[in-house]
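Have a look at the structure below before the remarks.
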Amino acid sequence: MSLGAVKFISKKAGLKFPKNVEVKNPFWYVYKGAKIGGFAVYKKYGYIGGDPERRKRKWYEWWEREGKFRKHPIINVALPIKKPKKSEELAEFVGIEIGDGGISKNQLTITLNFKDDKEYIKFVVKLIKKLFGVKPSIYHSPKDSVDNIVVSRTELVKFCTEKLGLKIGNKVKQQIDIPDWIKRSRNFQIACVRGLVDTDGCIFTHSYKVNGKLYSYKKLAFSSRSKPLTITVYRFLKRLGFSPRFTKDGKDVRIESKNDVQKYFQIIDSHNPKHLKKYRN
């Protein structure tokens with residue numbers, strides 16, 4: 001009981017203040033209690049403060065749901081970034097972002113399969129650091145089997161939207177296309193298509209039988225639900241001398257002949273080890 005409460009009750013009851021009262025500091029038990037409680041928690045769970053992985057996961061869920069939209073005197077300070085000149089590496093980054101990326105008001109995200117794209121994730125992180133001088137965060141989502149490469153910088157969002165021609169929000173609804181500054185350069189467009197195919201493309205084996213004999217060869221496909229984007233990729237491949245074709249639904253642009261697939265890896269190539277392995281095998 002607090003000292004003030006004892007005095008109040010004594011006065012109200014008309015009793016003398018007890019002589020056998022020991023007056024202690026209000027927080028006399030905090031250190032002792034915390035120490036005992038800490039040992040008990042550590043003995044039971046092996047760590048203090050709850051499951052760190054669960055805490056991290058719940059924080060990220062809160063951040064995505066509402067945290068990143070709140071104004072904060074520290075979080076919302078516009079931190080600087082390096083603003084690179086237009087280059088083949090920057091064009092490839094744009095292709096990667098259009099392919100498997102997303103942009104919100106304060107954040108840029110690229111989502112890749114944590115297992116199949118394990119080595120490619122390292123390449124993308126290194127590319128972002130080199131271009132913008134920012135080290136991305138990586139958030140693992142076991143439920144979806146993906147790693148989210150995240151950069152929370154309003155200056156980067158501003159640079160991507162105002163200087164690079166990328167857009168905030170749903171890419172399919174906005175029917176996004178390759179920016180004009182990339183279309184004007186053959187080398188920039190090669191780099192951008194590489195980024196697009198490395199993220200939203202695939203290498204697969206086509207097999208068939210003729211007179212009982214089995215034949216198989218590799219094909220390449222790029223998929224997107226943005227019609228302007230698939231048309232641009234198709235036309236550019238045609239200008240490079242390929243013979244691409246659309247699938248019936250118009251969502252895939254494919255390179256199907258053995259010579260064209262070989263030519264693709266000679267001219268455009270890939271930085272995704274997953275694609276290189278499938279092609280070489």
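The values are calculated or read from the model by the stated rules, or taken from the named source; none is laboratory data. Here the structure is a predicted model, which is why all the values come from computation and not from measurement. Note that each Cβ is placed from the backbone with ideal geometry, even for glycine, and that neighbours are counted across all protein chains shown.
When Lys209, Lys274, Lys218, Lys278 are screened for being on the phi < 0 side of the Ramachandran plot, out of contact with any Lys or Arg (no Cβ under 6 Å at 6 or more places or on another chain), touching a residue at least 60 places away in the same chain (Cβ under 8 Å) and in a strand (DSSP E or B), only Lys218 passes.
The rows are residues; the columns are (1) aliphatic (A, V, I, L, M); (2) under 21 Å from Ser224 (Cα atoms).
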position: Lys83; (1), (2): no, no
position: Gln107; (1), (2): no, no
position: Val125; (1), (2): yes, no
position: Phe132; (1), (2): no, no
position: Pro136; (1), (2): no, no
position: Lys158; (1), (2): no, no
position: Val172; (1), (2): yes, yes
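Only one of the listed residues (Pro52, Pro84) is at pLDDT 85 or above, under 43 Å from the mean Cα position of the chain (by Cα) and not β-branched (Val, Ile, Thr). That residue is Pro84. So if I check each of Lys158, Lys167, which one is more than 27 Å from Pro273 (Cβ to Cβ), among the charged types (D, E, K, R) and in contact with a strand residue (DSSP E or B) (Cβ under 8 Å, 6 or more places away or on another chain)? Residue meeting the stated conditions: Lys167. It is to be established whether one or more residues within region 63-85 are under 24 Å from Arg194 (Cβ atoms) and free of Cβ contacts under 8 Å to residues at least 24 places away in the same chain. Yes: one or more hits. Entry remark, region 194-242: residues being surrounded by 13 or more Cβ atoms within 10 Å (Cβ to Cβ) and of a type in the set (Gly, Ala, Ser) number 6 in total. Checked against the criterion of being within 17 Å of Ala191 (Cβ to Cβ) and without any contact (Cβ under 8 Å) to a residue 24 or more places away in the chain, the candidates Lys126, Lys130, Lys163 yield just one match: Lys126. Considering Asp198, Asp177, the condition of being within 19 Å of the chain's Cα centre (by Cα) and either modelled with pLDDT of 95 or more or farther than 18 Å from Tyr234 by Cα (or both) is satisfied by Asp198 alone. When Thr161, Thr109 are checked against the criterion of being polar (S, T, N, Q) and over 14 Å from the mean Cα position of the chain (by Cα), a single residue qualifies: Thr161.
Residues that are crowded, with 17+ Cβ neighbours inside 10 Å, farther than 20 Å from Thr111 by Cα and in contact with a Gly (Cβ under 6 Å, 6 or more places away or on another chain) occur at least once in region 172-181. Please determine whether any residue of region 163-185 is within 30 Å of Lys258 (Cβ to Cβ), of a type in the set (D, E, K, R) and not in a loop (DSSP other than H, G, I, E, B). There is at least one residue in region 163-185 that is within 30 Å of Lys258 (Cβ to Cβ), of a type in the set (D, E, K, R) and not in a loop (DSSP other than H, G, I, E, B). The test for being at pLDDT 95 or above, surrounded by 13 or more Cβ atoms within 10 Å (Cβ to Cβ) and out of contact with any strand residue (DSSP E or B) (no Cβ under 7 Å at 6 or more places or on another chain) does not hold for Ile96.
The set of residues in region 238-259 that are outside any loop (DSSP other than H, G, I, E, B), without any contact (Cβ under 8 Å) to a residue 40 or more places away in the chain and not polar (S, T, N, Q) comprises Lys238, Arg239, Arg245, Phe246, Asp252, Val253, Arg254, Ile255.
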